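Each reported figure results from applying straightforward, stated rules to the coordinates on display, with no laboratory input. Source: prediction; values computed, not measured. Methodologically, a virtual Cβ is constructed for each residue, glycine included, from the backbone with ideal geometry; neighbour enumeration extends over all protein chains shown.
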Amino acid sequence: MKTIFFIRKKTNFKLYKAFHKNVLTDDYNKYTNYFDETPSDAFYEAMAWSGLRDNNVKAWVDLLPEKKAAIEALANRVPNLSKTVPCPTSSN
């Protein structure tokens, strides 16, 4: 299960990035203006972990505390965005 999550998560980074930049343009621009950088892969990884973190999924629980802290620090940037929109899921 953990392997499937990581494979899917890496694939979703590209989707998250494209969705953020091309659909949530205002949020993307606010992020880049506020943090003076484009969102990194690590930022999108933090977003991918959010559902697992919020539900105490074993993959999250098993992470080293340092990794969790790094993920949470990036996830804390989300409130600086203007809105939350659920990412569309594929039917695959």
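Figures for the structure shown
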read-out: Vicinal HN-Hα couplings computed from phi for region 45-62 (Karplus, 6.51 cos²θ - 1.76 cosθ + 1.60; Hz; Gly/Pro x); value: 5, 4, 5, 5, 6, 4, x, 5, 5, 5, 10, 6, 5, 3, 4, 6, 4, 7
read-out: Point-to-point label distance, ASN56-ASN22, nm (Cα→Cβ direction, 7 Å offset); value: 3.9 nm
read-out: Net charge, LYS67 excluded, C-beta distance under 13 Å - Lys, Arg +1, Asp, Glu -1; value: -2
